[in-house]
1. If one takes the longest principal axis of the Cα atoms in the chain, at what angle in degrees, from 0 to 90 and to the nearest 10, does the Cα axis of helix 171-180 lie?
2. Which FRET efficiency value, to the nearest 0.05, do you get for Asn148 and Tyr114 by plugging their Cβ-Cβ distance into 1/(1 + (r/R0)^6) with R0 = 35 Å?
3. Based on Cα coordinates alone, diagonalise the gyration tensor for the stretch 171-213, multiply each eigenvalue by 5, take square roots, and list the semi-axes in whole Å, largest first.
4. Counting only other residues whose beta carbon sits under 15 Å from that of Tyr35, what net charge do I get with K and R as +1, D and E as -1?
5. What translational diffusion coefficient, to the nearest whole µm²/s, does the stretch 54-123 have by Stokes-Einstein, given a Kirkwood radius computed over alpha-carbon pairs, a temperature of 25 °C and 0.890 mPa s viscosity?
6. How many Lys pairs in the stretch 147-269 lie less than 28 angstrom apart by Cα atoms, where the lysines are 8 or more positions apart or on different chains?
7. Can you give the direction-averaged projected area of the convex hull of the alpha-carbon atoms in the stretch 1-107, in nm²?
8. Could you work out how far the C-alpha centroid of the stretch 66-113 sits from that of the stretch 184-236, in angstrom?
Amino acid sequence: MKRRVLVTGAGGYIGRHVVRALLERGVDVSIASSYTEDFGGGVQRIAENFSELDIDHVVETCDSCIHRAWRDGFQHNSDAHMANLSAHYLFLSSLAAVGLKSLSVIGTMHEIGYWEGAIDEDTPTNPHSLYGIAKDSLRKALTARLQNDKIDFRWLRAFYITGDDKHSQSVFGKILRSHEEGKRVFPFTSGLNQCDFIDVAELGRQIVAADAQSDVLGVINCCSGKPVTLADRVLRFLAENGIEMDLQYGAFPDRAYDSPRVWGDASKI
């Protein structure tokens, strides 16, 4: 019998690629999303928002849930992060309470805060943005709540994401839109920080691969495992897309909570 996986936030930047990766594996997909894209056969829209889902129906019909839904992920100090935290916790803990057997929740390296070197599942967290604080709080609350439940729980920690840039609010998406507007200069940071970049399609495949198994649980870094300077990655992006753009280095200060050199330990993934 084919697996059926619920994906919340399926129409978001990452969510679309998670759905496609599931379909590539022959998995039936239920989605909670207001996004209007027709994913084709094998996808059933059962709600526009995860808060509207019938918990009992989800547990009866789905083998797993990949919880991607999250507002304002690129606005790190939006009040929405803290305002919606309880709704995420109550939804996910309710799934476990009713008997869901498998749960994968998307995290972020911004849970860590300032850190230099590799991030693994034991790296201490000290987030400095509302986004990081809310995600870290959700991870800790779910870890405590689910420790005695018979559920395969994975916290899939994402790092810096490239690809599908028309749908991205990252620096790459901003550069692309500036180019389309005819601009030739892009205000930039120092570009010296080294980060772990992963293409969004590969991230979708890693998320789905992690969700499909039960041998490796807990915090799993979905990443490349290799640090690259932001400047080098942006210059590569410009070359790959044939964009002529002068980077105005130092126009924006580096964020205080961005580490000078940080990457994910990719051992588990």
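The values are calculated or read from the model by the stated rules, or taken from the named source; none is laboratory data. It should be emphasised that the depicted structure is a prediction, and the values quoted were computed from it without experimental measurement. Don't worry about glycine lacking a Cβ; one is built from the backbone with ideal geometry, like all the others, and counts go over all protein chains shown. Note: areas computed on protein heavy atoms with side chains; ligands, DNA, RNA excluded. Shrake-Rupley method; radii C 1.70, N 1.55, O 1.52, S 1.80 Å.
1. Compared with the principal axis, the helix lies near 60 degrees.
2. 0.55
3. 31, 15, 5
4. Here the charged neighbours net out to +1.
5. 173
6. 7
7. 6.6
8. Measuring centre to centre over Cα atoms gives 20 Å.
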